[in-house]
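Worksheet for the structure shown next.
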Amino acid sequence: MLRSTFAAAGTAAAFLAGVSATSAYAAPAIGLAPHRAVYDLQLKNATERSGIAGMYGRMVYEFNGSPCEGYTVSFRFVTQVNTGEDTRLTDQQTTTYEDLKNRNFRFLTRSFTDQKLDKEVRGSAHDVSKGVSVALTAPDTKNFELAESRFPTEHMIEVIDRARKGDKFFEARIFDGSDSGDKTLMTTTVLGKREMPRAGDVDADKAGTFSKQAFWPVTIAYYNDSKDGDALPVYRMSFKLYENGITRDLTMDYGEFVLSGKLAKLELFKADECK
């Protein structure tokens, strides 16, 4: 139960990173801020079926790059889980590279339990005429094609663009290399009205110069992309989103349990200039 559920952590990473090649999102006008964000994780609630008695951890997300050179994401999601009978340390490490201009995407995810490697998924993807071509090199060598999809940073750019336009809801198919790297996910995004932080707004003081800037409340639900479809999402994430892609006040709903992620530290990097 725990291993399959934590595969969704890769999707969280992919979005916090965070169509055809001629789409508006292939050459974004907005500026995503290179940064490192650290989030403290706490268990909000859990069902008996989850097998979780207690849980806490930390998530570190690092975003770098530019529209010209591509974007890199380094993500680590570490939690200590108390099942009531024992305690496990889970550690998911993901790195990705996304070239928006040429529509290429590379990904590597390693998942550990108690410092022992459980799973490694490595591969790349690029646009083809009828969808996305994926080449996996781990855990096995495999090549296949999937339906037309957005990559993670591209999806983030679309979320911000639609929020700026005042859209309230939209759907999109994404490929982020999460889980086994062999499927796409359908997403539904709900965008709230832009608002200012209020007194007592959790973790706003950790956002530095952004602590007094406006944000959008966003909720994204992820569904298995199958013909049958699922009545319930496999994962749901809510957060406060700034115009430059920085997020805070996260809620990660895995169905059987829910985690909160509060911004603990934010470090901004110098943005790469396009030559």
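Remarks
- For the chain, alpha-carbon Rg over 2.2 N^0.38 Å: 0.96
- Unit charges on C-beta of K, R, D, E only; dipole of segment 154-221, Debye: 400
- The distance between label points at Y56 and T141 comes to 4.7 nm (points 7 Å beyond Cα on the Cα→Cβ vector).
- Charged side chains reduced to their Cβ positions (Lys and Arg at +1, Asp and Glu at -1) give the chain a dipole of some 520 debye around its Cα centre.
- Judged by the mean number of other Cβ atoms found within 10 Å, the most tightly packed of the peptides 171-181, 58-68, 117-127 leads the ranking 171-181, 58-68, 117-127.
- Between the beta carbons of E267 and K44, assuming R0 = 41 Å, the FRET efficiency works out to 0.95 to the nearest 0.05.
FYI, it's all coordinate maths here, none of it is from the lab. Note that the structure is predicted; figures quoted are calculated from it, not measured. Because the Cβ atoms are built from the backbone with ideal geometry, glycine has one as well, and the counts that use them run over all protein chains shown.
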